[in-house]
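The values are calculated or read from the model by the stated rules, or taken from the named source; none is laboratory data. Since this is a predicted model, take the numbers as computed values, not measurements. Note that each Cβ is placed from the backbone with ideal geometry, even for glycine, and that neighbours are counted across all protein chains shown.
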């Protein structure tokens, strides 16, 4: 029998936290509880631990022990729980609820007052789910009052005040997420209903009452919008607390009547006693469910004219009529139909008062439509005479769709719609199509067919059969830009899909487009469905030409050079992007390069470079590569003139345009190295006034262009300048990479290729390591390591490997002068290098051990351990040393599960070795795992002993 | 002279090595447990890198000093290194150290007030100065007590940082381990300051306590220790 002396001996033998956890996990008897209480053990639940913006909840072995013992000695466990001080540690709360769940209900009820306090915590984790189970447990065990008490706290509605006067009040919520709320209502609450139906039902109604903001005294709650149908069939009902409660009350009311806990009248009256419409609707729904058994109760509501007229009750009222009508008395049927007739007569009389014939006809139509929509709901059970009247109305207006709903939508609106499908357009003669596009007018109503939708469909049709439209492109001249843009975009799509079509007529249409005045008078609004002017079409033209200049079959014929330029050149003078446009959409929203490809002039400038490359390819094929190189931009003066013109910030101040030069820099150097050299100071201006231009060009280059050898020498001063700016750039929100990290990657690639050297004290590598923050230095080494690891088995030349070894050894040596934190951060990237398997084993292993001895975790830890397992037979001692250091460095965010198998293989190899030292190393590691709370390798020790 | 218990009296409930269990070492080489402790501390030194004096060197210095059988001050010298090791370890593991003056500075402050009182004991100001001295001494006593508490707190924090499992342990368990550390420290402090007379045997026992303490953290034998716990649980529960 455990006593205090056992407890004291055990406490004395606990050397570390994992022993403490182990001790409580091992206890199998509840007899420890009293001596543990006497030794004041249950007094210190660990508080939550806050780490910056994060919070964690340490587990508490004591509460876990109590949870395990609760079914054996509930009274003792309760006594221990009573001694636990209040804590914010939700894991402890969860354990204690587990304990309550394992107790008899009458004991568990004693935990309820504390459990209600736990609900006040802002952190819940699994607590709501467990408390839901406790509600059911208490209810099943005859502790209905305690269960209701707990449920009231658990399901409480939180109503927040408006953030400021006049603002909308936030929707009422539960204390925890809706999904768990729904699950508790569906799975646990039925037990409470079975135990004390009336009290449980009243609680649900109270909760729903609180969840509906009070608006009008007449019960208006707009529930027909947020809950179109009580039965939740076919129509969307949102996942929120109100809807969850409506469903729960609906099911509970039916269940109470079926189980005869309460009568149909009593439940209906309880619901109707509450003012809001949703309760009235729940009552009508309930009556409909029992309409066959109790038509008399339904009839009382059906003949009530106020209910029939109440739009807030429309859905449930008319469905009740439909289902109860055959079974109610003749007198009640006559009364309902009489009301309909009376309403029609009244509406028609009112219509007759209208002064104009047109308004009178409209009002009469409305009156008949009102009747039609009501009759439609129960048309199948109408008396003959009324069925005939219904038929007449259908002939006049057509059969109503879903008349039981005030509003019904079949699908979600996804965008502008077209009056014709792509197939329709393709089946039309071109003349008829142009005629249609010229004359079709949209209604202008929201969500109906629009010109924008038609333009989109036209684009799809053109993309499907481009030649048909391209060869006749001239016939589209004169149409609205919305459709011309659709046509041109369709051709661009077709080109990208490698479909061929005639370019000359296409370019003819494009030339006509660029001669159109950019603005269309009266189309200033951004929200019309017609294009606001020709700007978007001009952008589409630039896109199409760019696609046509790409080196793929079916591109623009060289003979059309002049025609292409005559279209492209005007686009390079397009006002967009204006400075105002860049202010609005640039900055933190879009980086300059992204802005450039979304504007007319920007896209045109990209296309100018593509045009230059297109000419160059032609020159190389018709003359010779050498000659083309020699000529440079002299062979395409129009390109040079355009490029030079937009380098003048006085003429073109746009950062977006400057970014175009950055992105294409290696290709510009390909076109004319001399020209680039001469204009480098303009592309990357050194004046402080033009710093943004320099950054725009540089970041476009570094982020979106690869490191090509042909520009390294040319750009060395710019690389140097960028190194000096390291740490200054915030990067672009839209770019996943930072310019600093990308700079590091460029330098590493140049080094890899042997274009940069470590030995040059004034070189870029030395300068980079002198200036780069530790994260960027680490990124550089990690980039190399990941590149190696990504392509296992690829033969890497020895010269490259030698260079990389030199780089690593240099960094390992130099970093000894740094703080241990910085050193660890940078060298942790060796994980990737080691995992790649690219290096000689001896070198890689010795460097890995060197890095691990710093005591911090390495990157790609799981890959490192897998690689260690692969090499354990060759160097078991070193592999075991490395594994031990990796385990030592493991933090609480245990990653060991990723490499458990590999670690086990290593440990087994060590344990089965005849070399005692290796076996001891394995044992030491297994012990270390245990000290960290991972007992997953203990069985290896037992296996060793058995063998 | 401080009246300290022997290790076996202090931790009667735990299995302790008896004096004389250490291997006979010759020269300056380390072996057995001492070698493991040395390696474990050296590994810590590698991780801590730039922080100056190496823990492993202090430990090795202590062991070698202890072996100087002809040197009558061998225990004092060895105790000094052990004490240094114990005091430096928290600092190297970034355990917060209370800011403020050291003991010497504080004593000097009190002495200064006393000296002033002595110099003016025949003047009219003397009663006021005597009061000031009494107040200065009371402040010193309070500071000294707080210093002692702080030392225990630092020891507790040190234990947490040396533990491989970052799980808070109850204060009752933590205090037991702090007691071990603190008594060990007081022993070596007493010996190094010549305020405690000891024997080779007792010294070796305390050294073994310190070594085991360090190894339990740096080279844990988790499953052997768990066997002790399993046995206690088994004994209690099987007797139920």
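Among B:225, B:216, B:179, which is within 13 Å of another protein chain (Cβ to nearest Cβ), within 21 Å of residue A:23 (Cβ to Cβ) and in contact (Cβ under 8 Å) with a residue 60 or more places away in the chain?
Only one candidate passes the filter, namely B:179.
Which of the residues spanning the range B:159-171 are facing chain A (nearest Cβ under 7 Å) and in contact with a helix residue (DSSP H, G or I) (Cβ under 6 Å, 6 or more places away or on another chain)?
Scanning the range B:159-171 gives B:163, B:164, B:165, B:167, B:169.
Based on this model, can you work out whether residue A:620 counts as in contact with a helix residue (DSSP H, G or I) (Cβ under 8 Å, 6 or more places away or on another chain) and exposed (fewer than 15 other Cβ atoms within 10 Å of the Cβ)?
Here the answer is yes, as residue A:620 does meet what is asked.
Applying the selection to the range A:558-574, what residues are surrounded by fewer than 14 Cβ atoms within 10 Å (Cβ to Cβ) and under 16 Å from residue A:510 (Cα atoms)?
Residue satisfying the conditions is A:562 alone.
Run down A:63, A:18 and say which single residue is facing chain B (nearest Cβ under 7 Å) and either surrounded by fewer than 21 Cβ atoms within 10 Å (Cβ to Cβ) or touching a residue at least 12 places away in the same chain (Cβ under 8 Å) (or both).
It is A:18.
Within the group A:874, A:869, A:882, which residue is over 28 Å from residue B:33 (Cβ atoms), outside any loop (DSSP other than H, G, I, E, B), more than 11 Å from chain B (Cβ to nearest Cβ) and free of Cβ contacts under 8 Å to residues at least 60 places away in the same chain?
None of the other options fit; the residue is A:869.
Being surrounded by 21 or more Cβ atoms within 10 Å (Cβ to Cβ) and touching a residue at least 40 places away in the same chain (Cβ under 8 Å): is that true of residue A:150 here?
no
Which of the residues that make up the range B:163-180 are surrounded by fewer than 18 Cβ atoms within 10 Å (Cβ to Cβ) and assigned to a helix (DSSP H, G or I)?
B:171, B:172, B:175, B:179
Residue check: is residue B:75 within 14 Å of another protein chain (Cβ to nearest Cβ), at pLDDT 85 or above and surrounded by 19 or more Cβ atoms within 10 Å (Cβ to Cβ)?
For residue B:75, the condition - within 14 Å of another protein chain (Cβ to nearest Cβ), at pLDDT 85 or above and surrounded by 19 or more Cβ atoms within 10 Å (Cβ to Cβ) - is not met.
Would you mind listing the helices (runs of 4 or more DSSP H) fully within the range A:517-600 where at least 1 residues are more than 34 Å from the chain's Cα centre (by Cα)?
A:535-549, A:561-571
Among what's in the range A:21-32 and is assigned to a helix (DSSP H, G or I) and surrounded by fewer than 18 Cβ atoms within 10 Å (Cβ to Cβ), pick the residue that is farthest from the other protein chains (Cβ to nearest Cβ).
If we take residues in the range A:21-32 being assigned to a helix (DSSP H, G or I) and surrounded by fewer than 18 Cβ atoms within 10 Å (Cβ to Cβ), then A:25 is farthest from the other protein chains (Cβ to nearest Cβ).
Tell me, please, whether a residue that is surrounded by 19 or more Cβ atoms within 10 Å (Cβ to Cβ), within 12 Å of chain B (Cβ to nearest Cβ) and within 21 Å of residue A:112 (Cβ to Cβ) can be found in the range A:33-55.
Within the range A:33-55, one or more residues are surrounded by 19 or more Cβ atoms within 10 Å (Cβ to Cβ), within 12 Å of chain B (Cβ to nearest Cβ) and within 21 Å of residue A:112 (Cβ to Cβ).
Which one of B:124, B:141, B:145 is more than 14 Å from every other protein chain (Cβ to nearest Cβ), surrounded by fewer than 19 Cβ atoms within 10 Å (Cβ to Cβ) and not in a helix (DSSP H, G or I)?
That would be B:124, the only listed residue that is more than 14 Å from every other protein chain (Cβ to nearest Cβ), surrounded by fewer than 19 Cβ atoms within 10 Å (Cβ to Cβ) and not in a helix (DSSP H, G or I).
Does at least one position in the range A:422-432 carry a residue that is modelled with pLDDT under 80 and either out of contact with any strand residue (DSSP E or B) (no Cβ under 6 Å at 6 or more places or on another chain) or surrounded by 13 or more Cβ atoms within 10 Å (Cβ to Cβ) (or both)?
Among the residues of the range A:422-432, not one is modelled with pLDDT under 80 and either out of contact with any strand residue (DSSP E or B) (no Cβ under 6 Å at 6 or more places or on another chain) or surrounded by 13 or more Cβ atoms within 10 Å (Cβ to Cβ) (or both), which makes the answer no.
Taking the range A:933-947, which residues are over 18 Å from residue A:901 (Cβ atoms) and more than 9 Å from every other protein chain (Cβ to nearest Cβ)?
A:942, A:944, A:945, A:946, A:947, listed by residue number.
Out of curiosity, is residue B:189 surrounded by 17 or more Cβ atoms within 10 Å (Cβ to Cβ), assigned to a helix (DSSP H, G or I), at the interface with chain A (Cβ under 10 Å from one of its Cβ atoms) and in contact (Cβ under 8 Å) with a residue 40 or more places away in the chain?
Taking the combined requirement at face value, the residue does not satisfy it.
Can you tell me which residue within the range A:912-932, out of those that are more than 12 Å from chain B (Cβ to nearest Cβ) and in a helix (DSSP H, G or I), is nearest to the chain's Cα centre (by Cα)?
Filtering first and then ranking leaves A:922.
Condition check ((1) under 27 Å from residue A:667 (Cβ atoms); (2) in contact with a strand residue (DSSP E or B) (Cβ under 6 Å, 6 or more places away or on another chain); (3) in a helix (DSSP H, G or I)) across all residues:
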{"position": "A:712", "(1), (2), (3)": "yes, no, yes"}
{"position": "A:722", "(1), (2), (3)": "yes, no, yes"}
{"position": "A:756", "(1), (2), (3)": "yes, no, no"}
{"position": "A:759", "(1), (2), (3)": "no, no, no"}
{"position": "A:788", "(1), (2), (3)": "no, no, yes"}
{"position": "A:800", "(1), (2), (3)": "yes, no, yes"}
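Yes/no matrix, rows are residues, columns are (1) over 25 Å from residue A:619 (Cα atoms); (2) touching a strand residue (DSSP E or B) at 6+ places or on another chain (Cβ under 6 Å); (3) without any contact (Cβ under 8 Å) to a residue 60 or more places away in the chain:
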| position | (1), (2), (3) |
| --- | --- |
| A:484 | yes, no, yes |
| A:492 | yes, no, yes |
| A:506 | no, no, yes |
| A:517 | yes, no, yes |
| A:520 | yes, yes, yes |
| A:529 | yes, no, no |
| A:539 | yes, no, no |
| A:557 | no, no, yes |
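Looking at the range B:129-150, I want the residues that are under 13 Å from residue B:102 (Cα atoms) and have a partner that is at pLDDT 75 or above with Cβ atoms under 8 Å, at least 6 apart or on another chain. Which pairs are those?
From residues that are under 13 Å from residue B:102 (Cα atoms), the pairs are B:140/B:106; B:140/B:107; B:140/B:109; B:140/B:110; B:143/B:106; B:144/B:106.
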